[in-house]
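Below is one structure; the comments refer to it alone.
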Amino acid sequence: MTTEARRFPAEHEEDGRPAALTAADRRALLRFMLMMRTTEERALALYQQGKVPGSFYDGRGQEATAVGPAFALGPRDRACILHRDLGAHFVRGVKPGPVLAQMMGRAGGVTEGKDANMHFADRRVGCVQMVSMLPDMALVACGLAIAFQMRREPRVALTWFGDGATANGQWHEAMNIAGIRKLPVVLILENNQWAYSTPNELEFAVDPVERAAGYGFLGEKVDGNDVEAVFQAAAAACERARQGRGPTLIEAETMRMHGHGAHDDMRYVPKEMFAEWEARDPIRLYEQRLAADGVDVESVSQSVEKEVDEATEWALGQPMPEPGRATAGVFADTDPELGDGEAPWSRWTDEHA
Ligand SMILES: Cc1ncc(C[n+]2csc(CCOP(=O)(O)OP(=O)(O)O)c2C)c(N)n1
């Protein structure tokens, strides 16, 4: 089973791909995917030990879809990140220590532990905290994009959402305003085959990539387990957006390899389907590809392992937050601007050298 890459409408003008990736860029892509998986594995173990309150949600299997688009962003672009996209936070410069502290509700967490394991983002690196009503982050991204357009700034807002989220009215409102105003927004549909236990065939009557045409812009379907394919599509979409050529819907076809949350044993997923996707694991595939190109992938995974070990120790040493801080930072009463994020793609480094 493979994903057939396609553009809809197919005759859309070309845009000078592929974007250049250096050897260091490719190591970084692997590193961020490994950091997501390793941190989430560690967090799941902490959850099972009773140290993570509530439930636990991860993005196992979706690492390429999280990391590839974030890697295409420039420092002044903005990211509206969802619950399966931990790798995007890492690309923007967030470290695993504060993420693990966050998941345990500790003081050193990204939001000082408020709302534990998914409603967090570090505004200092240009990320917007997740809105749980799905898919309202798409509207937030459109709002950011309207601001960039009005100020004539060559900046992009990028967001992710699931296949299930596209059934809700707000998603269609976001698509509509994005198309009408030709907003500089990039919309990443993480089609992980399931919305909780609802399969794709009960979610849409057409291939969702085709829906973009109904709103007047390009839809592009890519293999969401191929980090370079997702990156390339996102880099081209960001470039088009920056040039005033409007939004892009990118459907990254992938699979959620864990339950909806840690409480879900995903018994509704057919075993053969799971096995087929397991053979397409985005990290193993990319490791094989880089190893074939002579990259020492073992040293990358060892350094990530070490960093996450140290981060876990640090997070476990963090105290619980002071009760008096419970409402601090809830409203943007001071300095409401989002800061700029890290943009590790060598293109940005070169431009800022
Ligand atoms: C408006 C709204 N309705 C219901 C929910 C509860 N809910 C949380 S996640 C989820 C499934 C989302 O599926 P999908 O968009 O495919 O994303 P995935 O979890 O598969 O990544 C639902 C129904 C919600 N968060 N918001």
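Computed quantities for the displayed model
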| quantity | calculated |
| --- | --- |
| Neighbour-count order for ARG84, ARG152, ARG325, ARG240, fewest beta carbons within 10 angstrom listed first | ARG152, ARG325, ARG240, ARG84 |
| Dipole magnitude (debye, nearest 20) for segment 21-145, charges at Cβ of Lys, Arg, Asp, Glu | 340 |
| Relative contact order of segment 6-319, defined on C-alpha pairs under 8 angstrom at six or more residues apart (%) | 25 |
| Amide H partners (placed H, <5 Å) of HIS260, local residues excluded | MET266 |
| Segment 103-200, dipole about Cα centre (Lys/Arg Cβ +1, Asp/Glu Cβ -1), debye to the nearest 20 | 460 |
| Lys, Arg +1 and Asp, Glu -1 on Cβ, resulting dipole of the chain about Cα centre, debye, nearest 20 | 780 |
| Cα centroid of segment 232-310 to Cα centroid of segment 66-114, whole Å | 16 |
| Taking segment 33-178 and dividing mean pair separation by its residue count, relative contact order in percent (alpha carbons under 8 Å, at least six apart) | 22 |
| Span-rule helices in the chain, defined as complete DSSP H runs reaching 27 Å or more along the axis (Cα) with Kyte mean at least -0.5 | 23-48, 297-316 |
| Estimated distance in nm for a label pair at GLU305 and ALA23, the labels positioned 7 Å out from Cα along Cα-to-Cβ | 2.4 |
| Footprinting exposure proxy for LEU21, LEU30, LEU316, LEU249 (fewest neighbouring C-beta atoms within 10 Å first) | LEU316, LEU21, LEU30, LEU249 |
| Order of TYR286, TYR268, TYR47, TYR215 - criterion: other Cβ atoms within 10 Å of each residue's Cβ, fewest first | TYR268, TYR215, TYR47, TYR286 |
| Residue pairs, from the table LYS95/LYS221; LYS51/LYS271; LYS51/LYS306; LYS51/LYS95, whose Cα atoms sit over 29 Å apart | LYS95/LYS221; LYS51/LYS271 |
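Every read-out reported here was derived from the displayed coordinates using simple, explicitly stated rules and does not represent laboratory data. Worth saying up front: this structure is predicted, and the values here are computed from it rather than measured. Cβ sites come from the backbone with ideal geometry, for glycine too, and all protein chains shown count toward neighbours.
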